[in-house]
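The values are calculated or read from the model by the stated rules, or taken from the named source; none is laboratory data. Given the structure is predicted, the values throughout are model-derived calculations rather than measurements. For neighbour counting, all protein chains shown are included, and Cβ atoms are generated from backbone atoms with ideal geometry for every residue, glycine included.
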Amino acid sequence: MGEIGKALLRALGDLLHPRMLLLLLWPVAIALVLWLGLAFAFWSQAAAWLQLQFDQSSAIGWAINVWPLTLIATHLAWILLALLFVPLVLVTAVLIIGVFAMPAMVKHVAERSYPRLERREGGGFTGSLWNGVLALVWLVLLALLSLPLWLFPPLWPLLPVLLFADFNQRVFRYDALGEHASSWEMATLMRRHRGELFLLGIALALFGMIPLLGFFAPVYGGLAFIHYCLARLAQLRDEPVATQ
């Protein structure tokens, strides 16, 4: 079994630990309350603005004429907002966990599974916050750049998986390594294992799309990235070549 599979299995075991049960609730609850409040206050205005943009868009008009979407054309903005609600909650929960909950999760995993791993503190709270902001900006940029691709139905299942996979790994890899790895070790691991980090992000993005269970994905994802990254860090330090 590869390191990705091991990380997913170990994270599943940690997910059921009493220390982690509270984390299954409050980040998602805060994100849910936040977006429900925003929806209550601005849903109608946002839907009206989006519908106006759709009505003025030649691309949307072409799509409606080509595909049998005429019946839903007048409600397209409401449908889009409804589809965006759950992803927005999950993105917000991931950011909350990455910035505020990951230190407790890293401590839990390190004490149980990697007690001898030296802490070199290449990251910190400010770095975690900045990393989360950059990951969010990059997600929004990729979403905007990929907008034309959403007009092709075969890509609908693929695009959100790829976007969330990239977002997951950008947020969690920094926070998983920040306490134990040096800056050099963090850069080395992210460069050396970027492919596997992305694959782990894909696995967790797919998990996040499972109804109901998907709300546990942010915590499960954080634990999986901690296990993967700390295991790779231990392997790096075991290499015969001296590292910084």
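Residues that are under 20 Å from LEU204 (Cα atoms) and of a type in the set (S, T, N, Q) within segment 84-127 comprise just one, THR92.
For beta carbons closer than 7 Å, sequence separation of 6+ or different chains, a first residue in segment 144-155 that is over 16 Å from LEU84 (Cβ atoms) and assigned to a helix (DSSP H, G or I) and a second that is modelled with pLDDT under 80 and small (Gly, Ala, Ser), the qualifying pairs are LEU151/ALA59; LEU151/ALA63. Checked against the criterion of being of a type in the set (A, V, I, L, M, F, W, C) and closer than 19 Å to MET190 by Cα, the candidates LEU90, LEU117 yield just one match: LEU117.
On inspection, GLY127 fails the criterion of being outside any helix (DSSP H, G or I), at pLDDT below 95 and in contact with a Phe, Trp or Tyr (Cβ under 8 Å, 6 or more places away or on another chain).
A single member of LEU213, LEU197, LEU163 is closer than 17 Å to VAL94 by Cα, touching a helix residue (DSSP H, G or I) at 6+ places or on another chain (Cβ under 9 Å) and free of Cβ contacts under 8 Å to residues at least 24 places away in the same chain, and it is LEU213.
Starting from residues that are aromatic (Phe, Trp, Tyr) and touching a helix residue (DSSP H, G or I) at 6+ places or on another chain (Cβ under 7 Å), keep the ones in segment 73-116 and report whichever is modelled with the lowest pLDDT.
Among those residues, the one meeting the criterion is TRP78.
Across segment 1-24, the number of residues qualifying as under 17 Å from the mean Cα position of the chain (by Cα) and over 21 Å from GLN169 (Cα atoms) comes to 0.
From the list LEU139, LEU213, LEU236, LEU197, the lone residue that is surrounded by 14 or more Cβ atoms within 10 Å (Cβ to Cβ) and closer than 25 Å to LEU16 by Cα is LEU197. Can we say PHE172 is touching a residue at least 12 places away in the same chain (Cβ under 8 Å), in contact with a helix residue (DSSP H, G or I) (Cβ under 9 Å, 6 or more places away or on another chain) and buried (at least 23 other Cβ atoms within 10 Å of the Cβ)? In short, yes.
Within segment 25-48, can you find the residues that are within 19 Å of PRO87 (Cβ to Cβ) and modelled with pLDDT under 80? PHE42, TRP43, ALA46, ALA47, listed by residue number.
Here VAL161 meets each of (1) modelled with pLDDT of 90 or more; (2) of a type in the set (Val, Ile, Thr); (3) within 30 Å of PRO18 (Cβ to Cβ) with one exception, condition (3).
Within segment 1-25, which residues are surrounded by fewer than 16 Cβ atoms within 10 Å (Cβ to Cβ), touching a helix residue (DSSP H, G or I) at 6+ places or on another chain (Cβ under 8 Å) and part of a helix (DSSP H, G or I)? Residues satisfying the conditions are LYS6, LEU12, ARG19. Of everything in segment 209-224 that is over 19 Å from GLY132 (Cα atoms) and in a helix (DSSP H, G or I), the residue that is modelled with the highest pLDDT is PHE216.
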